[in-house]
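Peer 1: This is the structure, below, for whatever I ask next.
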Amino acid sequence: HNMAAGDGLESSVQPEPQEQREQIVPDVPAPINVPPPECYITPDSLYTLLKPAAEGKPAPVKLLDSRWVLERADALAAATTDAERERLALPRRQELERRHPEAYLSAEEVQALPTGKDGALAVGVVSHAWLEVSHPDPRGEQLVRIAALIRKAQGGKLRRQQPAWDVDPTIPPYQPLPARVGLFFDWASICQHQKAADGSIAIERTADEEAAFRAALESMQIWYVHQKLFAILVTDLPATTWAPATRRRARRRSTRSRWRSCWRRRSSPRPRPTCRWCCGCTTRRSSRCSAARRSSPSAWRAGSRATASTLRGCSPTAPRWR
């Protein structure tokens with residue numbers, strides 16, 4: 001602050017001009033769009049995102065048909081070369097819509113899916129690490145694992161679908177999933193950039209695709225914590241992405257134990273997935289994925305032996321198909 005000429009230390013500080021004070025006031029951004037609580041309970045908030053804002057525009061979100069996903073996973077499992085697996089891996093949403101429109105459920109088909117107890121929807125979200133900056137699952141390895149879990153859940157073969165699965169005998173087992181469910185994969189459900197191997201954008205979203213992407217991104221958290229949906233959380237990386245020493249140890253395990261390790265927490269150190277490029281954003285880690293790994297026991301999650309009693313009070317992310 002400038003002192004007036006001839007003033008002593010006791011002199012008052014000259015006030016700054018009004019325009020200068022206004023310039024230093026911080027420019028506070030508008031508050032983040034936070035959906036009201038009912039959006040996490042009622043299905044209307046989800047159905048709205050499945051419909052385009054105007055005719056001829058892309059919908060913010062498209063859900064994959066589980067029957068198509070299982071067929072594609074079977075083709076991936078039967079592939080014998082990496083080149084064939086890369087060809088069968090899920091492309092970004094825009095390309096998948098163009099090549100295989102039958103892979104998606106329409107908004108009307110989603111609304112017509114069966115509902116479980118308390119209005120649980122036959123819709124689930126899938127959360128897994130992105131293995132490359134340009135593609136979350138370039139060889140379809142995670143899709144094969146997810147499809148195997150869906151088949152087990154549909155057949156009632158998961159541990160949490162067995163009687164007395166929890167230490168609390170009052171917790172009933174999960175009921176089998178319907179034969180047809182809608183699935184949310186961020187890579188294939190919302191409009192994405194096409195990125196090169198180094199992370200640079202090779203093909204940008206169009207203006208309409210960008211508007212749809214932003215609409216989906218503003219309400220992304222609804223899908224992962226909605227009370228009427230189920231969640232599939234893959235908390236282990238495929239063996240091909242592990243460090244060499246870990247990969248050698250994995251090869252010494254039997255196929256059965258290696259599969260079981262995907263669904264149970266182990267005391268030995270294991271590589272943890274980091275969703276570094278989820279949703280097409282540039283953040284190095286996704287807060288929603290780390291939150292999803294702490295989600296409720298209603299979610300079918302890879303790498304956890306937690307029971308309903310030990311996780312009670314966590315955020316609900318899956319319906320009670322009971």
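The values are calculated or read from the model by the stated rules, or taken from the named source; none is laboratory data. All figures in this text were calculated on a predicted structure; none of them were measured in a lab. Note that each Cβ is placed from the backbone with ideal geometry, even for glycine, and that neighbours are counted across all protein chains shown. For the accessible areas, the whole protein counts, side chains as well, though only heavy atoms, and no ligand, DNA or RNA atoms are used. Shrake-Rupley method; radii C 1.70, N 1.55, O 1.52, S 1.80 Å.
Peer 1: How many of the residues in segment 175-208 are touching a strand residue (DSSP E or B) at 6+ places or on another chain (Cβ under 8 Å) and under 23 Å from H128 (Cα atoms)?
Peer 2: Within segment 175-208, residues that are touching a strand residue (DSSP E or B) at 6+ places or on another chain (Cβ under 8 Å) and under 23 Å from H128 (Cα atoms) number 14.
Peer 1: If you check every pair at least six apart or on different chains, which have Cβ atoms under 8 Å apart with a residue in segment 231-242 that is among the acidic types (D, E) first and a residue that is open to solvent by less than 10 Å² (accessible area, probe 1.4 Å) and at pLDDT below 90 second?
Peer 2: Every condition considered, the pairs that remain are D236/S261; D236/P273; D236/A302.
Peer 1: Within segment 170-206, track down each residue that is in a strand (DSSP E or B) and among the basic types (K, R).
Peer 2: K195
Peer 1: Please find, among V126, V133, V167, the residue that is in a loop (DSSP other than H, G, I, E, B) and either in contact with a strand residue (DSSP E or B) (Cβ under 7 Å, 6 or more places away or on another chain) or crowded, with 22+ Cβ neighbours inside 10 Å (or both).
Peer 2: On inspection, the qualifying residue turns out to be V133.
Peer 1: Looking only at segment 139-164, filter to residues that are part of a loop (DSSP other than H, G, I, E, B) and in contact with a helix residue (DSSP H, G or I) (Cβ under 6 Å, 6 or more places away or on another chain); which one of those is farthest from K117 (Cα to Cα)?
Peer 2: Per the stated criteria, the residue is R139.
Peer 1: What number goes with the only condition from (1) part of a loop (DSSP other than H, G, I, E, B); (2) open to solvent by 10 Å² or more (accessible area, probe 1.4 Å); (3) in contact with a Cys (Cβ under 9 Å, 6 or more places away or on another chain); (4) not β-branched (V, I, T) that L217 does not pass?
Peer 2: It fails just one condition, (1).
Peer 1: Another question about this same structure. Of everything in segment 99-116, what is modelled with pLDDT under 95 and either surrounded by 14 or more Cβ atoms within 10 Å (Cβ to Cβ) or of a type in the set (K, R) (or both)? Give them in sequence order.
Peer 2: Once the filter is applied, which keeps residues that are modelled with pLDDT under 95 and either surrounded by 14 or more Cβ atoms within 10 Å (Cβ to Cβ) or of a type in the set (K, R) (or both), segment 99-116 yields T115, G116.
Peer 1: Still on this model: Among (1) open to solvent by less than 50 Å² (accessible area, probe 1.4 Å); (2) modelled with pLDDT of 90 or more; (3) out of contact with any strand residue (DSSP E or B) (no Cβ under 6 Å at 6 or more places or on another chain); (4) more than 23 Å from E132 (Cα to Cα), there is one condition R160 misses while meeting the rest; what is its number?
Peer 2: (2)
Peer 1: Looking at segment 165-207 only, could you name the residues that are touching a residue at least 12 places away in the same chain (Cβ under 8 Å) and of a type in the set (G, A, S)?
Peer 2: A179, G182, A188, S189, A196, A197, G199
Peer 1: Residues E10, E55, E19: which one is open to solvent by 40 Å² or more (accessible area, probe 1.4 Å) and modelled with pLDDT of 65 or more?
Peer 2: Result of the check over E10, E55, E19: E55.
Peer 1: What's the number of the condition D186 fails, among (1) acidic (D, E); (2) at pLDDT below 95; (3) open to solvent by 60 Å² or more (accessible area, probe 1.4 Å)?
Peer 2: It is condition (3) that D186 fails.
Peer 1: Among L90, L96, L64, which is surrounded by 18 or more Cβ atoms within 10 Å (Cβ to Cβ) and either at pLDDT below 95 or part of a strand (DSSP E or B) (or both)?
Peer 2: Answer to the check: L64.
Peer 1: Still on this structure: Scan segment 223-243 and give yes if some residue there is among the charged types (D, E, K, R), surrounded by 15 or more Cβ atoms within 10 Å (Cβ to Cβ), at pLDDT 80 or above and not in a loop (DSSP other than H, G, I, E, B), otherwise no.
Peer 2: Scanning segment 223-243 turns up no residue that is among the charged types (D, E, K, R), surrounded by 15 or more Cβ atoms within 10 Å (Cβ to Cβ), at pLDDT 80 or above and not in a loop (DSSP other than H, G, I, E, B).
Peer 1: Tell me which residues, restricted to segment 153-186, are among the charged types (D, E, K, R) and under 24 Å from E109 (Cβ atoms).
Peer 2: R180, D186
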